[in-house]
């Protein structure tokens with residue numbers, strides 16, 4: 001086989017890989033906002049986010065550990081149920097359907113219900129393991145970022161004979177640059193929760209949350 005023929009075969013075999021690399025490069029273009037809530041990765045950078053409102057307060061630190069993968073350390077306090085949940089999550093984009101980026105997030109944390117009854121009289125103290133898988137879709141809106149999240153958390157409780165609690169939630173957020181690397185936004189979510197066994201919430205209940213978001217790029 002002559003050299004030009006070999007070269008042609010090599011170019012033809014490399015074309016699909018080059019096309020995939022181009023698509024990935026397009027999908028991984030530098031995000032306008034390095035958001036912990038968005039589906040896009042931080043691409044090796046880092047960011048912090050704080051939230052407060054009805055009925056949660058908390059904060060998170062996100063660190064890009066590769067071009068694709070992020071780790072997020074989070075502390076969340078649901079003051080309506082007096083539930084405290086420190087957790088760690090892995091996040092990664094997996095698909096692009098212009099103008100949307102799709103991402104996966106998988107979190108695991110320690111669930112602590114302090115048993116406060118000042119809003120929900122049926123609440124009881126509890127401990128357990130919280131597992132939270134989620135799918136994220138985000139898109140840019142001008143200089144801002146809109147993120148839609150569908151979560152399906154399950155909490156396995158340990159006290160009072162053990163039990164479990166499910167709390168599927170749909171939420172939306174919008175973040176926009178405020179000054180320099182500082183961002184500000186709002187978020188809203190709708191959650192249905194129910195449990196069995198010794199879980200604090202046995203019967204089904206629907207909850208609404210409204211939050212103010214403040215973020216900042218660290219690196």
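The numbers here are math on the coordinates, done by the rules we state, and not lab data. Computed from a predicted structure; not experimentally measured. Every residue, glycine among them, receives a Cβ derived from its backbone with ideal geometry; neighbour counts consider all protein chains shown.
The modelled label-to-label distance between residue 159 and residue 67, using points 7 Å beyond Cα along the C-beta direction, is 4.8 nm. Taking label positions 7 Å along the Cα-Cβ direction at both residue 172 and residue 110, the computed distance is 3.7 nm, reported to one decimal. Estimated from the Cβ-Cβ distance and a Förster radius of 22 angstrom, the FRET efficiency linking residue 121 and residue 52 is about 0.35.
Taking 0.36 nm per residue of separation and subtracting the Cα-Cα distance, full extension of the segment from residue 148 to residue 182 would add 10.1 nm. For the range 73-206, the Kirkwood hydrodynamic radius comes to 16.2 Å, computed from all pairs of different C-alpha atoms.
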